[in-house]
1. Using alpha carbons only, how many degrees (0 to 90, rounded to 10) separate the axis of helix A:67-77 from the longest principal axis of chain A?
2. Just to confirm the numbers: B:Arg142, label point 7 angstrom along the Cα-Cβ line, distances to the other copies in nm, shortest first?
3. How large is Rg/Rh for the protein assembly as shown, to two decimals, with Cα atoms and a Kirkwood Rh?
4. Quick one, what does Rg over Rh come out to for segment B:84-196 if you take C-alpha atoms and the Kirkwood Rh?
5. Strictly over 21 Å apart at the Cα level, which of A:Lys155/B:Lys200; B:Lys82/B:Lys188; B:Lys82/B:Lys160; A:Lys155/B:Lys188; A:Lys82/A:Lys171 would you flag in this model?
6. Output, in nm with one decimal and in ascending order, the distances from the B:Ile121 label point to the matching label points of the other copies (7 Å from Cα along Cα-to-Cβ).
7. If you wrap a convex hull around the C-alpha atoms of segment B:8-77 and split its volume per residue, what is the figure in Å³?
8. If you average the C-alpha positions of segment A:159-213 and of segment B:160-213 separately, how far apart do those two centres end up, in angstrom?
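Each value in this text was obtained by applying a stated rule to the coordinates, not by laboratory testing. Quick caveat, the model's predicted, so the values are computed rather than measured. Backbone-built Cβ (ideal geometry, glycine too); neighbour counts: all protein chains shown.
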Protein chains: 2
Amino acid sequence: MEEKEISQAVISRLPRYLRFLGELQDEGVERVSSQELSDIMRVTASQIRQDLNNFGGFGQQGYGYNVGYLYGEIAKILGLHKEHNLIIVGAGHLGQALVNYMNFERRGFLFRGIFDIDRRIQGTQIRGITVRPMEEMGQFVRENDIDIAVLTIPKSGAAKTAEQLVSYGIKGIWNFAHVDLHVPEDIKVENVHLSDSLMKLSYNLASCDKKNG
Amino acid sequence: MEEKEISQAVISRLPRYLRFLGELQDEGVERVSSQELSDIMRVTASQIRQDLNNFGGFGQQGYGYNVGYLYGEIAKILGLHKEHNLIIVGAGHLGQALVNYMNFERRGFLFRGIFDIDRRIQGTQIRGITVRPMEEMGQFVRENDIDIAVLTIPKSGAAKTAEQLVSYGIKGIWNFAHVDLHVPEDIKVENVHLSDSLMKLSYNLASCDKKNG
C-alpha cells in the first residue's frame, strides 16, 4: 500500500464505514457494491470509491466489495487490530459514563486506571476499577503500558495535566476538557467539545427559523 | 446582512471563536486584530477574516475587532441570545453527566425534563429534575415549549424515539446514540458519535507508529 497523507475528513468517515459494514456482516451479507453502500450510507457511490481508493481500493470493478474483508481492512487502518490501554483522568459523571460504556472495550479500548484529585472518591471503584490519586499517575502509566489518556477534568487543570501525561509517555489524548491543548507534534489529540457541538445545533435551528420566518 | 448558505465547516469554527473571544473579554481586552486572534487561536489571519466575512465582517481595516461586539454578534449568529428548552431522553451515566454540566445552562440551554424507560429510576431526581416515564414525553414536550431533545439511549431504541420526538414537535436532536437518524429535512440533528472520535484517535496513533517505525 502506498504511503500518503490521508485527509482528516476521509479518516472521519472511516468509523462510519466500519459501523455500516459491521451491520451488513451481522445481517449475513457477504458482498456489497459501492452503489448499495451508497444507498444505505446516504453518500454518493463515487465518494465511497474515492475514500476507499485512498487505502488501495479493496474492490474489484463489477464485483463490489467483500464485506468481511473490507471490514477487517478498515479496522486495521483504524488501528483496531491492536489493543489500547487507557486511563481516565477525572472520575466525574462523564468519566464514569465513559468507563461504563462497554462498546469501547469490544473495540479493544481497555480502561486500566482512573484518576481523580478528589480524596473522597479515591479508593472507590467504578466497574471494578479503583479511583487513584493523581500522584500515582506517572508510575501507573509507565508500569501499565498506557498509550491513551482520557481527559474528563475541568478546563482549568487540563493544560497542566496534559503536560504531565506527555512527560509520562502518553501518546494520545482524548480531550473532553473545553480547552485547546498544546502538546508536542507527535502526541495525538482528539477533542470532544460538547458545548461546541450543542452551539452548532443551536446555529442550525436559528438559521432554520430565519428561513421560515 | 446578506443571506447565504454558510458551510458547516465555518459554523463548526464559530464556537471556538466565541470561546477565545470570551477569554479575551475576561482578561479585559477590548480590541483584537485578526493577526492577534490568529496567534492565540493558531489559525491563519486570512482564515479568520474569511470566516467572519461570511457574516458581514465586523472589523474595520487597520482597527481590528471590538472584542465585546464580535462576541455578541457571534453569540447571536449561534442563536445563543435566545433560551433553548431541552429534554434528555435516557437517564444513564451520559444523560446524568450532561444534566450536571453547568456550562450548558450558562449558555441558555435549559434542561427541563428527563425521561427514561427504567421504572426503577422514574420519580428520582437529577439536579432537581424528576425522571419521568417515556409515556409522558409527548405531553411534556408540547406543554413546556421544548425545542431540543438530547438522545442518550442505546442504538436500538433511537430511531423510533427520534420519530416520536419529531411527531411531538421537537425541532432539534442532539444525538449521542450510535446510529444515523433519518428525520424530515427541517429537523436538525447534531451527532456526537463518541466511538467514531475514539477510532479517529486510534487511526492517528497507528499512522504515527507506522511513520516512526
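1. On a 0 to 90 degree scale, this one is about 40.
2. 6.5
3. 0.96
4. 0.92
5. Correct reply: A:Lys155/B:Lys200; B:Lys82/B:Lys160; A:Lys155/B:Lys188.
6. 1.5
7. Value for segment B:8-77: 77 Å³ per residue.
8. If we compute the Cα centre of each part, the gap is 15 Å.
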